[in-house]
Amino acid sequence: MTLTADRPVRTAPPKKPRKGGRQGREALLLMLPALVPVLVFSVGPLLYGIFLAFTDARSGRNAVTSFVGLSNFGDLLSDGDFWASFRIGMIWAVSVTVLQFLASLGLALLLNQEMRFRGFARVLAMVPWAMPPVVIGLMWRLVYHPDAGILNSMLGTEIDWLNDFSIALPAVIVVGIWTGMPQTTVVLLAGLQGVPKELYEAVEVDGAGVWRRFWNITLPQLRPVIVAITSLDFVWNINQFGLVYVLTQGGPGGQTRLPMLFAYEEAFRYGFFGYAATLGVAIVIVVLAVLGVYLWRQMREAS
């Protein structure tokens, strides 16, 4: 008789259920409430605007829209009013971005120091951020008023700041700087508070002065923050509309007519929706090109 021991039966380990696909579907379902408004109110109008740029869409109940290809872009390149508006827009965007950064950096350095009422000073620095552009525009129109304005009262002059051909654009640039300083100051102040104090203590031991500490420690540590905030500021400034519209509506004589104001007039004053969309697409291309070159140079210098 041959005795055989009972051998255990080998079974394959149970397969673990795949969680990736299920978790991905669940995550997508959870994101849908946030994605739908973005698709409806941002992506959809953007794609429709790009489509309009290749048509001759106009206002009118019986207007027929036709596909015109690159015809609008050809008209844009030969439009002297567009180039004038583009030149003013670049002067505005670059001036406001650079001067706003310098003023905000100085204010951030000041608010980063130990001083009395520092918290109250930080709150006051944020006041323009809490004001709508329309309110800011109306307030500065009163400041610049030729007869009852506080600025002329202080200087003892009778200058019509917003209607003088040689002064209107600089006056509007000042308002743009004042309006955009809070968010730039907050970002730079956060960057300053993230700089390790040990670095300052190390260079102080070597006898470094204030300027040397700022140039060798503060600026290099703030470089990523500076690149990010100046890039965002440039995009915000080149797309500015409400503030300048309330202040001057592009006047006098188009001296403050930014590209977005020009596009607005083409669309809602003259009814050329297709051409106005072309202006918007052109500005987006220019902004992306400028930002691409700027970021490429900054990354090249950092590497």
Coarse-grained scattering of the chain at q = 0.10, 0.12, 0.15 Å⁻¹, given as base-10 log I(q)/I(0) from a Debye sum over alpha-carbon atoms: -0.78, -1.02, -1.27
Degrees, to the nearest 10: 273-302 long Cα axis against longest axis of the chain: 70 degrees
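Defining a contact as two alpha carbons under 8 Å apart and six or more residues distant in sequence, what relative contact order in percent does the range 184-275 show? Could you put the intermediate results ahead of the total?
Numbers: 45 pairs, mean separation 19.3, N = 92.
Across the range 184-275, relative contact order equals 21 percent.
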Amide H contacts of Thr55 (H built 1.01 Å from N, under 5 Å, at least 5 apart or other chain): Val68
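Give the accessible surface of the range 75-165 per residue, rounded to a whole number of Å², with probe radius 1.4 Å and ligands, DNA and RNA excluded.
Working: 5590 Å² over 91 residues.
On a per-residue basis, the range 75-165 sits at 61 Å².
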Tilt relative to the chain, helix 133-143 - C-alpha long axis, 0 to 90 degrees, to 10: 20 degrees
In sequence order, calculated HN-Hα J values of the range 163-170 (Karplus, 6.51, -1.76, 1.60; Hz; x Gly/Pro): 10, 8, 4, 8, 10, 4, 5, x
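Would you work out the charge dipole size for the chain about its Cα centre, treating the Cβ of every Lys and Arg as +1 and the Cβ of every Asp and Glu as -1, and quote it to the nearest 20 debye?
Numbers: 23 positive and 19 negative charges, 378 e Å.
Using Cβ point charges on Lys, Arg, Asp and Glu, the chain gives about 1820 debye.
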From phi via Karplus (6.51, -1.76, 1.60), per-residue ³J(HN,Hα) for the range 58-66 in Hz, x at Gly/Pro: 9, 6, x, 5, 9, 5, 9, 8, 10
Surface accessible to a 1.4 Å probe, Val135 within the full protein complex, Å²: 70 Å²
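Ignoring ligands, DNA and RNA, please state the percent of accessible area on the chain from carbon and sulfur, probe 1.4 Å.
Working: 12760 of 19480 Å².
Ligands and nucleic acids excluded, carbon and sulfur give 66 percent.
Contact order normalised by length for the chain, with contacts defined as Cα pairs under 8 Å and 6 or more residues apart; what percent is it?
On the way: 280 pairs, mean separation 81.2, N = 303.
About 27 percent, as a whole number.
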Exposure of Met154 as accessible area (Å², to 10), given a probe of 1.4 Å and all protein chains: 150 Å²
Per-residue SASA entry for Val227, accessible area with 1.4 Å probe, Å² rounded to 10: 20 Å²
Under-5 Å amide H pairs with Leu258, H placed in peptide plane, nonlocal only: none
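How do Asp81, Asp56 rank by accessible surface area computed with a 1.4 Å probe, from largest to smallest? Write down the numbers at each step before the final one.
On the way: Asp81 85, Asp56 45 Å².
Accessible-area ranking of Asp81, Asp56, largest first: Asp81, Asp56.
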In sequence order, calculated HN-Hα J values of the range 197-207 (Karplus, 6.51, -1.76, 1.60; Hz; x Gly/Pro): 5, 4, 5, 5, 5, 5, 6, 5, 4, 7, x
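Using heavy-atom solvent-accessible surface (probe 1.4 Å) with all chains present, what is the largest-first order of Tyr275, Tyr270?
Details: Tyr275 30, Tyr270 120 Å².
The most accessible residue leads, giving Tyr270, Tyr275.
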Charge-dipole axis of the chain as Lys and Arg at +1 and Asp and Glu at -1 on Cβ define it, positive-most pick from Leu199, Asn112, Gly69: Leu199
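The values are calculated or read from the model by the stated rules, or taken from the named source; none is laboratory data. A quick note: this is a predicted structure, and the numbers were derived from the prediction, not measured. When we count neighbours, we look across all protein chains shown, and the Cβ atoms used for this are built from the backbone with ideal geometry, even at glycine. Side chains included, ligands, DNA and RNA excluded: accessible areas come from the protein's heavy atoms. Shrake-Rupley method; radii C 1.70, N 1.55, O 1.52, S 1.80 Å.
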